[in-house]
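All remarks here apply to the structure that follows.
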Amino acid sequence: MLEITDLHVCVEDGGTEILKGLSLSVKAGEVHAIMGPNGSGKSTLASVLAGRSGYEVTSGSVVYKGVDLFELEADERAREGIFLAFQYPVELPGVSMSNFLRQAVNSVRKHRGEDKLSAMEFLKMMKDRAALVGLDPSLKQRAVNEGFSGGEKKRNEIFQLAMLEPTLAILDETDSGLDIDALRIVSEGVNGLRRPDRSFLIITHYQRLLNHITPDFVHVLVDGRIVQSGSKDLALKLEEQGYDWLKEESVESVN
Amino acid sequence: MVMEKRFIAAQQVLHTNGRNGSAGIIESLRANGLASFISAGFPLPREEQWKYTPVRKWLRDDFQFTGTSDPGDVQLPELISSTKDYTVVCVNGVFKPELSRLPGSELAITVTSLQAALHDEPDLISGYLRRTNPGAENPFLSLNMAFLSDGLYIHILADTILDKPLYITDIVMGPELFFHQPRILIVAENRSQATIIELRDRAGHRGAAHNAGIFENTVTQIHVSASSNIDYYHVYDRGAGARLVRTLNVYQERDTTFSTNEVTLSGSLVRKNLNFLPDGEGCQTQLNGFYLAGSGMHVDIHTLVDHAEPHCNSKELFKGIIDNNATAVFNGRVLVRQDAQQTNAYQSNRNVLLSKSAHMYSKPELEIYADDVKCSHGATTGQLDDEALFYLRSRGISFPTARRMLLEAFVSDVCALIRVEELRLNVEERVSTALAGMHIKLLSDGR
Ligand SMILES: Nc1ncnc2c1ncn2[C@@H]1O[C@H](COP(=O)(O)OP(=O)(O)OP(=O)(O)O)[C@@H](O)[C@H]1O
Ligand SMILES: [Mg+2]
C-alpha cells in the first residue's frame, strides 16, 4: 500500500530539514500509530503524504499503490484514495457543507469510474455517514467548519473520511479536542470503517485513542526519524515513561 | 476640446433641426446640459476623481448617437421573459408598454415615457431632472442631459406597496459604435414600498447580441419621499467590450430606507458614480455590490454618501475579484456634515487579485465634521487562501474547481443580500459563468 524509504524533507527554499531519513511500510488493512514529541515531524509527514506545498523532498521515495506519490498533485492523491484528517481543519466561509461534499464525493467517484450520485442518494449517504460519526445534523446546513467548535471540526474530518471512503486514511491528532464521549464515538466510527483494503496512519499523543482503535504497529518519531517500532504495548510504555529514554537511545544510535 | 467637439456637433445635428421656434422644456434642459458639458469637458487624465480611469481612452471611437428606429423582433433577456414579476421594457432607452408587464390599475403607480411626463407636468418633472446631489456633478451627467429626448418615468404614489418586484430592462439596438444615453427617473411618494431591478443584459435583437462597441452613459435618479422603502438592484452584464458610465443619484427624505446592490459582471469599461443624499433624519442607506473584473476589464466604483442630517445610518459593502490585466478602482467617500450627529457609517471594500498583473486601487475617504458619530471603514486586497485551496484539493477537488468554489464563496455574502430569490439565483448563475471564463494564471506556483 505505502512504502516510505529514507525520506528527507526540508522546508521549501533551503529551510531546515524536518524529516531526516524516515522509512515506513504500511500494508493493506493495517493500522499504524505514530507517536512522538511535539515538533518531531509527524504533521510534516502527513502533509507531505497529502501533497501540501511548502516542503521540499530532498531525497528518498514514497511509493503508494505501486506509483511514485510525488508524481501526483494533492487532488490526484485524494482521488487515488489518500485522505488526511487535518490537525487544524480549515474554515471555508461561504462554501456550504453539501456543495463541498458533493464536489468532493463526485470527483472521487468519477475517478473510480462510479456513477454520479443522485441528489437523493447523496442526501441519504450524508445522513448515514453523519450518524456513524455522531455529527450534529445541523452542521450539514452550515459553511464548512465555519464557527464549528474544536470537537465538531474533528468529527467533521472523520465524517468526510466516511464519505470519501479512502484506501489510506491519515489521522493527524484527531483525538485532541474531543471530549471522552466524542472520542469513543469517533473511534467506533473509525473502527467501523476498517476494511481489509483500507489502511490507517494514526498520529496521536495519547494512549487513550489506541484503547479504542487497536493498532497493528506503533512507531515513535523523534527528530525526523522513526526511532522505535513495536506492537500496541509500546504505546503503553510511552504513556508511562515518556520519550526521554528514546531520545537518549536515538542520540546513541547516531553516535 | 477636439474630442468634445464631436459630441457637441452631434448634439447640434440631432437636436437643432427638429426645433420649431418655440423653446420647450426639453430644449431648455438640453441647452443647460450642453452648456455645462461645454464648460467642463471630459475629465482630464490628472483629475482626482478620474485619476485611475483615463476615460478619454474609451471615448476615441467615431460614435453614432441614434439607435435603430424600427428594431423589429426584440429578444428579451431570459430573466425578463421567464419572470412572473412586473417588467418594464425599454428599447434604446424608450419605454415600450407593449413589451412590458405592468402592475394593474388597482396599484397606484404610473409607468410612462419621460417625454410624456415632461409634457404633462413640465415644471415638476424638469425640477426632478435638474436636481443633482451636491458633489455629484460630472460631465457625463451634463452630456446625458444635453442629449435628452426621452426616457423612463416611474411614479409610485403615496401609500402604494408594490406586491411584486419590478424589473426594468433596456435593450440596445443600434449601430456598432452606438453612444447610448438613457435616463430613468423614479419618484416614490410618501410611505410607499417597492423592489426595483435595473437589468442591463446582453440580449439584443434576433439573438444577435453585439454590444461590443457600445458606450452607455446612463443616468438614474431616484427620489425617495418620507417614510418610503426602496429596495433597488442594478445588474450590468452587457458582455465583452461594452462600455458603461453610470450615474445614480439617490435623494432620501426623512425616515426612508434605500438599498442598492450593484452587480458588475462584464464590459471593457465600467465606471459608476453612486451618490446618496440622506436629507432627513432617520434614514437608512445600504450600498452593496461586487465586481468581477475579468481579463482586460476596467471597473471603477465611486460612491458618495453625504450625511447632512442627524440619526442616519449608512452601510456599504463592496467586493471584487480582479483577473489578469484587469484593473479595479473603489473610491468610497463618506461625508458627515456638522449637523449630522449620531451618524453610523460603515464601509468595507474587499478584493481578491488573481494575478500579478491585476491592479486594485482602493481608497476610503471619510470626511467627518460632526463629533458624535460612529464611522468605520476597512479595505483589504489579497489573494486566494492557499490553506483553503489545499483543503479542497485534499478532498479530491481539482484545482480549477476549488478555485471557482472559493471565489464564488467570496462574493456569496453579497449575493445573499439579494432578497429577490429569482434574481439571486440568476446572478449566482452569471457569477459561475463569469468565473469559469476567467483564465486565471496562477500566482505562486503555476499549478
Ligand atoms: N513550513 C514550515 N516552516 C518552518 N518550519 C516548519 C514548517 N513546517 C514545520 N516546521 C517545523 O518542523 C518541525 C516539525 O513540525 P510538525 O508540525 O511536523 O511537528 P509535529 O510532530 O506534528 O508536532 P505536534 O505534536 O506539536 O503537532 C517543527 O519544529 C516546526 O516548527
Ligand atoms: Mg502535528
Check your understanding: Just how much of A:ARG194 is accessible, in Å², when a 1.4 Å probe is used and the result is rounded to the nearest 10?
Key -> 80 Å²
Point to revise | For B:ASN92, residues with placed amide H under 5 Å, excluding near neighbours | key: B:ILE171, B:VAL172, B:MET173
Point to revise | Cα→Cβ-extended label distance, 7 Å offset, between B:LEU14 and B:MET1, nm | key: 2.0 nm
Exercise for review: Could you tell me which Cys residues in the protein assembly as shown have no other cysteine's Cβ under 4.7 Å from their own Cβ, answering none if every one has a partner?
Suggested key: A:CYS10, B:CYS90, B:CYS375, B:CYS415
Review point. What do you reckon, how do A:SER176, A:SER23 stack up by accessible area (1.4 Å probe), largest on top?
Key: A:SER23, A:SER176
Study note, to complete from the structure: Taking a straight Cα-to-Cα line shorter than 23 Å from A:LYS232, and setting aside same-chain lysines fewer than 8 residues away, one finds A:LYS27, A:LYS42, A:LYS247
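Give me the one-decimal Kirkwood hydrodynamic radius in Å for the stretch B:32-151, with the sum taken over alpha-carbon pairs.
After inverting the mean inverse Cα-Cα distance, the result is 17.6 Å.
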**Study point:** Ranked packing of A:195-208, B:102-115, most packed first, by mean Cβ within 10 Å
**Key:** A:195-208, B:102-115
Review point. What ranking of B:ARG403, A:ARG184, B:ARG419 comes out by heavy-atom accessible area, probe 1.4 Å, highest first?
Key: B:ARG419, A:ARG184, B:ARG403
Study note, to complete from the structure: At q = 0.17 Å⁻¹, the log10 of I(q)/I(0) for the stretch B:258-395 from a Debye sum over equal Cα scatterers comes to -0.86
Practice item. Quick one: P(r) of the protein assembly as shown from all Cα-Cα pairs, 20 Å bins, percents rounded to integers, in order of increasing distance. Key: 16, 40, 26, 15, 3, 0
Check your understanding: When the helices in chain B are scored as -39500 (n - 2.57) per DSSP H run of 4 or longer and the sum is shared across all residues, what 222 nm value do you end up with, to the nearest 500 deg cm²/dmol?
Key -> -7000 deg cm²/dmol
Practice item. Identify all lysines with a Cα-Cα distance to B:LYS356 below 17 Å; exclude those on the same chain that are fewer than 8 residues away in sequence. Key: B:LYS441
Study note, to complete from the structure: Working note, the stretch B:2-279: Cα radius of gyration (Å, one decimal) and Dmax (Å, whole number) are 18.0, 53
Exercise for review: Calculate the length of the line joining the C-alpha centroid of the stretch B:352-397 to that of the stretch B:156-183, in whole Å.
Suggested key: 33 Å
Review point. Near the amide H of B:ALA240, under 5 Å away, which other amide H atoms are found, from residues 5 or more places off or on another chain, if H is placed in the peptide plane?
Key: B:GLY267
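Give the average over all directions of the projected area of the C-alpha convex hull of chain A, one decimal, in nm².
Values: hull surface 55.4 nm².
That works out to 13.9 nm².
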Practice item. Return the long-range amide H neighbours of A:ARG142 (sequence gap of 5 or more, or a different chain), with a cut-off of under 5 Å between placed amide H atoms. Key: A:MET97
Review point. Among B:LEU157, B:LEU292, B:LEU354, whose mean-square fluctuation peaks in a Gaussian network model of chain B (Cα, cutoff 10 Å)?
Key: B:LEU157
Point to revise | Spin-label model distance (nm) - A:HIS205 vs B:LEU425, 7 Å beyond Cα toward Cβ | key: 5.0 nm
Check your understanding: Counting DSSP beta bridges with both partners in the stretch B:2-279, what percentage is antiparallel, nearest 5?
Key -> 15 percent
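The values are calculated or read from the model by the stated rules, or taken from the named source; none is laboratory data. These numbers were taken from a predicted model, which means no experiment stands behind them. Every residue, glycine as well, gets a Cβ built from its backbone with ideal geometry; the counts of neighbours run over all protein chains shown. These accessible areas exclude ligands, DNA and RNA; they are computed on the full protein's heavy atoms, side chains included. Shrake-Rupley method; radii C 1.70, N 1.55, O 1.52, S 1.80 Å.
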